[in-house]
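First up is the structure itself, then whatever we jot down about it.
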Amino acid sequence: MTNARGLPKKEVRSRNKIEQHEHEDQADARRVVPVDETGNFFNSSNRFPVDAIINISDIDTPNIVNVPVVTANNEVSQVVPNNTKKFRIRLRESQAAVIKFCFASGQSGSNYFTINPGSQYVEDGIDLVGKTIYFQVTKPNVTVEFLFWT
């Protein structure tokens with residue numbers, strides 16, 4: 001059985017009992033503060049050294065291309081602007097059409113990547129030169145939207 005404090009009823013408190021006080025620092029606790037190799041504290045004028053890879057992108061020029069596709073399941077091509085760093089592909093219309101695309105002529109019907117209805121494909125962190133996207137759509141009279149960043 002325990003009392004309201006959660007202690008057994010017959011427990012005796014004594015000075016030898018270890019007590020924990022929530023907001024008191026222990027005298028033997030040591031604070032650790034990082035310093036540089038000469039013992040100086042890091043601050044706004046003595047920065048903490050960081051080993052990192054920083055990728056500053058020079059993407060600044062958007063290029064929008066809208067390609068009307070009149071016939072379903074017929075391969076169409078779109079040249080990718082040189083030095084493209086990022087691109088997006090999607091279908092403008094909300095029809096349940098699928099885009100099948102690839103990077104080799106004649107393979108958009110057999111060896112392709114699928115963009116499902118309502119979705120888009122985004123490629124980032126690239127540097128394309130001399131590439132063409134070959135694609136076909138499963139419904140006629142739609143527009144495929146490309147957004148290229150160079």
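Read-outs throughout are calculated quantities, based only on the coordinates presented, and are distinct from any laboratory measurement. As the structure is a prediction and not an experimental result, all values here were calculated from the model. Here Cβ is always computed from backbone atoms with ideal geometry, including for glycine, and neighbour counts include all displayed protein chains.
At a glance:
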read-out: Estimated FRET transfer efficiency (THR143, ILE59; beta-carbon r; R0 25 Å; 0.05); value: 0.55
read-out: Inter-site label distance for VAL32 and SER119 at 7 Å from Cα along Cβ, in nm; value: 4.6
